[in-house]
Structures are given as C-alpha cells and as structure tokens.
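Notes follow once the structure below has been shown.
The values are calculated or read from the model by the stated rules, or taken from the named source; none is laboratory data. Nothing here was measured: the structure is a model prediction, and the numbers come from that model. Positions of Cβ are generated from backbone atoms using ideal geometry, with glycine treated the same way; all protein chains shown enter the neighbour counts.
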Amino acid sequence: MAQHLIFKAGQQSFGLPITETDKIIALENYTPIPDVSSYIVGVQEIDGEVYAMIDLADRFYSEAHPQPETADVIMVNWKETRIGLLVDEVQSVQAYQTEDLMEADEEKVDGLSTSYISAFIQSADGVIPILDSHRLFAEDKAEEMRKLVDIQKVKV
C-alpha cells in the first residue's frame with residue numbers, strides 16, 4: 001500500500017508519494033528573483049535554509065496563481081535538495097493499493113513530455129496523475145533550478 005498526498009494545482013488534481021514530501025507550509029516573507037522562469041515565484045528561508053518556491057500551475061499551465069500568499073506550499077525532495085511547490089489546495093493523504101496504480105510510459109504523448117508523471121491513480125473522482133518530484137523540469141530548466149538553489153547565502 002502506497003500513501004500519496006493529493007492536491008489541486010490549476011484546478012487539476014495531482015498526487016505525490018508521501019515519501020517525497022517533507023511538510024506543508026505557507027508562502028511568507030519570500031523574496032522574488034528577477035530574470036528567472038515565470039513559475040519560479042522566488043526563494044524563502046525555512047529553518048535556516050533558502051529554498052526555491054515554484055508555482056506548479058504556472059509550470060504546467062502557464063497560469064500563475066492569482067494570490068500566491070494564499071497558496072499551500074508543499075516542500076518536496078528535488079534532486080539533492082528541497083523545493084516548495086505552490087498549489088491551490090492540499091486535499092488529503094490517500095493510501096492506494098499498488099494494483100490501483102497504472103504505470104505511465106516515459107515517452108512523449110502528442111509532443112508533450114510526460115516524464116514527470118510516474119503513475120496514474122484510478123479514483124472515484126477520476127484519474128489522478130502521480131508526479132515524480134525529481135523530474136518536474138526539463139534539463140535546461142533543471143539547470144536553472146540547480147544554479148538558483150546552489151547560490152550560497154551570506155549572513156550579515
């Protein structure tokens with residue numbers, strides 16, 4: 001049995017394996033970063049570390065969250081660090097039998113990369129894509145994220 005955090009982003013339901021999530025926080029006291037991809041809302045200090053905050057609806061649908069300060073932020077593992085994913089709302093934690101998960105092919109469908117989807121859950125509310133937090137960005141965008149999270153912070 002696998003547990004997943006179910007949430008909405010861009011009015012679409014998605015899931016993340018609970019093992020890839022850390023905590024749910026509010027977006028507060030964040031610093032916008034100029035000249036980066038539009039879905040990078042900025043950075044926020046959490047427990048003495050600085051993390052990138054990503055608007056998932058903007059990343060997937062090019063529709064920025066209208067009020068980022070009201071969004072839920074899911075802290076997830078990404079590569080060797082953590083990032084925050086702004087979502088419309090966290091809905092629940094659900095446990096699913098592994099036979100309820102339909103494996104996704106890592107190929108392109110109609111020209112769109114679906115490599116960030118690891119599986120689908122057939123639920124009473126419809127099909128829910130399960131995201132692979134480590135593959136949310138194409139290689140060029142992942143490089144932008146790596147450079148952002150690798151910036152050293154300086155205390156004054």
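Kindly check whether there is at least one residue in the range 102-121 that is surrounded by 12 or more Cβ atoms within 10 Å (Cβ to Cβ), of a type in the set (Asp, Glu) and modelled with pLDDT of 80 or more.
no
Taking the residues in the range 41-80 that are among the hydroxyl-bearing types (Ser, Thr, Tyr) and free of Cβ contacts under 8 Å to residues at least 40 places away in the same chain as candidates, determine which candidate is farthest from SER92 (Cα to Cα). If you could, list the steps in order and put the result at the bottom.
From the range 41-80, those among the hydroxyl-bearing types (Ser, Thr, Tyr) are 51, 61-62, 70; that's our starting set.
If we keep only those that are free of Cβ contacts under 8 Å to residues at least 40 places away in the same chain as well, we get 62, 70.
Details: SER62: 25, THR70: 18 Å.
If we take residues in the range 41-80 being among the hydroxyl-bearing types (Ser, Thr, Tyr) and free of Cβ contacts under 8 Å to residues at least 40 places away in the same chain, then SER62 is farthest from SER92 (Cα to Cα).
Could you give me the residue pairs with C-beta distances under 6 Å whose first residue belongs to the range 141-156 and is surrounded by fewer than 15 Cβ atoms within 10 Å (Cβ to Cβ), whose second residue is modelled with pLDDT of 70 or more wherever it lies, and which are 6+ apart or on separate chains?
Filtered contacts from the range 141-156: LYS153/VAL50.
I want to confirm something. Restricting to the range 51-83 and keeping residues that are charged (D, E, K, R) and either surrounded by 23 or more Cβ atoms within 10 Å (Cβ to Cβ) or out of contact with any helix residue (DSSP H, G or I) (no Cβ under 7 Å at 6 or more places or on another chain) (or both), which single residue is nearest to PRO17 (Cα to Cα)?
For the range 51-83, the residue satisfying everything is ARG82.
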